[in-house]
């Protein structure tokens, strides 16, 4: 699993002109799933996201997690995080899981993360043509790949 985590002041997902979900201060998580991913990856990554200390404390030091600030989280599926650009200029997406594998893991992720945060998580819609809007705060953008845990 790969994620791009962006600290945001606000974010929203629009599908077919209708806002599906929106959040205030918190994290926008773009999630890419590959065939090698498991529920162990889901648990590890959700724990990492819930505890990631990238929000400022009273001394303006990034020492607080999204849980500490009672922030919001939005998760959007993004198969393009597994793009390969080694050959030519057209990315290949062979590492990205097909729906049969990815959807159950996506739903598992959407179930596990709220358990750790103690609050609901907003989301996009798997496979939909989505327009994602955000105001990146900082900007702070973090990349995590569960295949590089060490």
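The values are calculated or read from the model by the stated rules, or taken from the named source; none is laboratory data. Please read all numbers here as calculations on a predicted model, not as lab measurements. As a convention, Cβ positions derive from the backbone with ideal geometry for all residues, glycine included, and neighbour counts pool all protein chains shown.
Taking the criterion of being more than 18 Å from residue 54 (Cα to Cα) and either part of a loop (DSSP other than H, G, I, E, B) or under 14 Å from the mean Cα position of the chain (by Cα) (or both), the residues of region 23-38 that qualify are 31, 32, 33, 35, 36, 37, 38. Annotation: of all residues in region 51-88 being buried (at least 20 other Cβ atoms within 10 Å of the Cβ) and under 19 Å from residue 114 (Cβ atoms), the one that is modelled with the lowest pLDDT is 77. So which residues in region 121-147 are touching a helix residue (DSSP H, G or I) at 6+ places or on another chain (Cβ under 7 Å) and surrounded by 13 or more Cβ atoms within 10 Å (Cβ to Cβ), if there are any at all? Listed by number, the residues that qualify are 121, 123, 126, 144, 146.
Rundown of residues vs (1) within 14 Å of the chain's Cα centre (by Cα); (2) under 25 Å from residue 40 (Cα atoms), yes/no style:
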| site | (1), (2) |
| --- | --- |
| 56 | no, no |
| 59 | no, no |
| 62 | no, no |
| 67 | no, yes |
| 81 | yes, yes |
| 119 | no, yes |
| 123 | yes, yes |
| 138 | no, no |
| 141 | yes, yes |
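When region 89-111 is filtered for residues that are buried (at least 19 other Cβ atoms within 10 Å of the Cβ) and modelled with pLDDT of 90 or more, the ones remaining, listed by number, are 102, 105, 106, 109, 110.
Taking each residue of region 15-34 that is at negative phi and touching a residue at least 12 places away in the same chain (Cβ under 8 Å) and looking for partners that are surrounded by fewer than 14 Cβ atoms within 10 Å (Cβ to Cβ) and not in a loop (DSSP other than H, G, I, E, B) with beta-carbon atoms closer than 7 Å, six or more apart or interchain, yields 25/9.
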